[in-house]
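Student: The structure under discussion is supplied below as structure tokens; questions concerning it will follow.
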Amino acid sequence: MADDKKRIKILIAKPGLDGHDRGAKVVAQALKEAGMEVIYSGLHKRIDQIINIAIQEDVDFIGLSIMTGAHIPITQKLMNKLKEKGITDKMVFVGGVIPSMDIPKLKELGVGGIFPGGTPLQETIEFIKSKAQKA
Amino acid sequence: MELIKKILDGNEASAARLISMIEEGREEGYRAIAALFPHTGKAHIVGITGAPGSGKSTIIDKLAIKFSEMGKKIGIIAIDPTSIKSNGALLGDRVRMRGAERIEGVFIRSMAHRGYPGGIAKATMGALYVLEGLGKDLIIIESVGVGQTELQISSVCDTVITVFTPDYGDDVQLMKAGIIEIGDIIVINKSDMPGAEEAAKDIASHINYEKKDWQVPVILAQAQRGEGIDRIIDALGSHLEYLKKNNPKGEYRAQKLRKLMFLFLKEELWVRAMKKWIDRNEIKGIVDMVENREIDIYSAVSQAAGIILPD
Ligand SMILES: Nc1nc2c(ncn2[C@@H]2O[C@H](COP(=O)(O)OP(=O)(O)OP(=O)(O)O)[C@@H](O)[C@H]2O)c(=O)[nH]1
Ligand SMILES: [Mg+2]
């Protein structure tokens, strides 16, 4: 009946030149099936566009899907812009082709969760749900 | 209130937050709406409906680009279905609104249909108030394209655009559901596909022109290439003029608002009654009797209603 409860809202975004979105779509679909409301950005979004979408859609999480190897500069730019705009209530995740040696650097940038390719979907889902509960 | 002031100043984050609060049915959200209300009522509200994949988002994208060039401030509410199984939703309309998304002053909000008490109209109405407070003068609602929702959406809109494609033959259901009747403007999109002219004729033949003094235009379009968009813009302008001329005091809106008010009231009463009565023994007893096939449904409802609301 009454269905106006708070839902987990998450933006799955494809920044930059990256033209591969099969993985992003699989994740989006899985999160939907786990009961979340997922906004998919489509390809080739600039950082300021991604932030605009996150603001207008009032999402709780921003998930970046990056396969190009440029995950560090892109994530850094996003984190800087978020700070600049005073946005503190949206947690950022990064997924895609992420070598394990880059994980500490991403964490240092303030990323809330990192899901390298091959991470079981269930793990991603559980992680997001646990973070949402704390929020 | 701080939130209201920010929205009236054009702060998108505050507007987005308030829409979420309405989606969540929060009291403070409704209070904020009451404060915003005096600043609303002037925008042209346009609904766009049609079968999945018919090109609604693409049309909105092109409309928003052109209207922005004309100096209008555009708000877009894109509704997608909620999965019945998981309660989740994949909101993908923005993907086809790439052009509009880049324009400053265009605010796009996706909304999952959920199973709103009071129907999708309740959350949509809230979002409309907020977008008007944000200063939008044209607000376009993309709807999921099925049954009851469409009828509800049309009651919050001034003008409804119904989109068909040349292969609409599969959409007999839509016609049965009254989709043609609610359209003030009909667009045959993807007219690059064969059969567009025939489709236009066929659909036009289903319009009951005698019952209306507004001549519903049937417009051929190829939204992807931007063709037909100017004609849709002209038709929107004409329809707004028609409404103003024939309803100098906004009578058509009064009628729709009255309908909405009773729709929302019905749901609110239901929610309140259930909260109060669902666990009481008198009602439980009647439910038990129904479950055990001791009494028929009509008698049960009559008894239960008599307890909840005695004469
Ligand atoms: N051939 C052709 N394809 C078009 C045209 N306009 C849009 N499309 C394509 O039709 C597909 C669906 O377009 P959308 O705008 O997403 O349609 P929609 O009605 O919003 O779809 P849903 O929101 O999923 O119901 C996309 O691949 C568009 O590129 C057109 O004029 N001709
Ligand atoms: Mg769409």
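The values are calculated or read from the model by the stated rules, or taken from the named source; none is laboratory data. None of the values given here were measured: they were computed from a predicted structure. Note that we place each Cβ from the backbone using ideal geometry, even for glycine, and neighbour counts take in every protein chain shown. Side chains included, ligands, DNA and RNA excluded: accessible areas come from the protein's heavy atoms. Shrake-Rupley method; radii C 1.70, N 1.55, O 1.52, S 1.80 Å.
Student: Between B:Arg272 and B:Phe37, what length comes free when the chain is fully extended (0.36 nm per residue of separation minus the Cα-Cα distance, one decimal in nm)?
Tutor: Using 0.36 nm per residue and subtracting the Cα-Cα distance, I get 82.1 nm.
Student: List the aspartates and glutamates whose Cα lies under 14 Å from the Cα of A:Lys105, skipping any in the same chain that are fewer than 8 positions away.
Tutor: Cross-link targets: none qualify.
Student: Tell me, what is the percent relative contact order of region B:2-248, built from C-alpha pairs under 8 Å that lie six or more residues apart?
Tutor: 23 percent
Student: If you don't mind, there's one more thing I want to ask. Amide H neighbours of B:Phe164 under 5 Å, counting only residues 5+ apart in sequence or on other chains, H built in-plane at 1.01 Å?
Tutor: B:Val187, B:Ile188, B:Asn189
Student: What lysines could a cross-link reach from B:Lys244, if we take a straight Cα to Cα line under 17 Å and drop same-chain neighbours fewer than 8 places away?
Tutor: Straight-line reach from B:Lys244, under 17 Å: B:Lys42, B:Lys212, B:Lys256.
Student: Next question. Hey, with R₀ at 56 Å, roughly what FRET efficiency would B:Met289 and A:Lys85 work out to, going by the Cβ-Cβ distance, to 0.05?
Tutor: Efficiency, rounded to the nearest 0.05: 0.40.
Student: Listed highest first by mean packing, meaning other Cβ atoms within 10 Å per residue, what order do A:80-92, B:242-254 come in?
Tutor: The peptides rank, most packed first, as A:80-92, B:242-254.
Student: Shifting gears a bit: From other protein chains only, count the Cβ atoms within 10 Å of every residue's Cβ in B:12-23, then give the mean.
Tutor: If you average over the peptide's residues, the count of other-chain Cβ atoms is 4.
Student: What's the angle, to the nearest 10 degrees (0 to 90), between helix A:121-134's Cα axis and the longest principal axis of chain A?
Tutor: Between the helix axis and the principal axis of chain A, the angle is about 70 degrees.
Student: Cα to Cα, under 15 Å, and not fewer than 8 places away if on the same chain: which aspartates and glutamates meet these conditions relative to A:Lys83?
Tutor: A:Asp48, A:Glu108
Student: List the residues of region A:24-54 for which accessible area in the full set of protein chains is at least 40 Å² lower than for the chain on its own; 1.4 Å probe, protein heavy atoms only.
Tutor: In region A:24-54, residues shielded by partner chains: A:Lys32, A:Glu37, A:Val38, A:Tyr40, A:Lys45, A:Gln49.
Student: Buried accessible area between B and A (1.4 Å probe, both chains summed, ligands and nucleic acids excluded), in Å² to the nearest 100?
Tutor: Summing both sides, the interface buries roughly 2700 Å².
Student: Distance between the C-alpha centers of region B:238-311 and region B:27-56? Whole Å please.
Tutor: 23 Å
Student: I'd like to compare A:115-126, B:57-68, B:2-13, B:217-228: which one has the highest average count of other Cβ atoms within 10 Å, and what's the full order after that?
Tutor: B:57-68, B:217-228, B:2-13, A:115-126
Student: Follow-up. Given contacts defined as C-alpha pairs under 8 Å and at least six residues apart, what's the relative contact order of region B:79-137, whole-number percent?
Tutor: 32 percent
Student: My understanding is that a pair violates if its Cα-Cα distance is over 23 Å; which of A:Lys90/B:Lys85; A:Lys45/A:Lys85; B:Lys5/B:Lys62; B:Lys62/B:Lys136; A:Lys32/B:Lys136 do that in this structure?
Tutor: Distance filter (> 23 Å) returns A:Lys90/B:Lys85; B:Lys5/B:Lys62; A:Lys32/B:Lys136.
Student: Sort the following peptides by mean Cβ neighbour count (other Cβ atoms within 10 Å, averaged over residues), highest first: B:230-241, B:93-104, A:49-60.
Tutor: With the highest mean Cβ count within 10 Å placed first, the list reads A:49-60, B:93-104, B:230-241.
Student: I'd like to know which of A:Ile55, A:Leu11, A:Gln29 lies farthest towards the positive end of the charge dipole of chain A, counting +1 on Cβ of Lys and Arg and -1 on Cβ of Asp and Glu.
Tutor: A:Ile55
Student: Related question: Calculate for the protein assembly as shown the 222 nm mean residue ellipticity that helices alone would give, adding -39,500 (n - 2.57) per DSSP H run of length 4 or more and normalising by residue count, nearest 500 deg cm²/dmol.
Tutor: Using -39500 (n - 2.57) per qualifying helix, the result is -14500 deg cm²/dmol.
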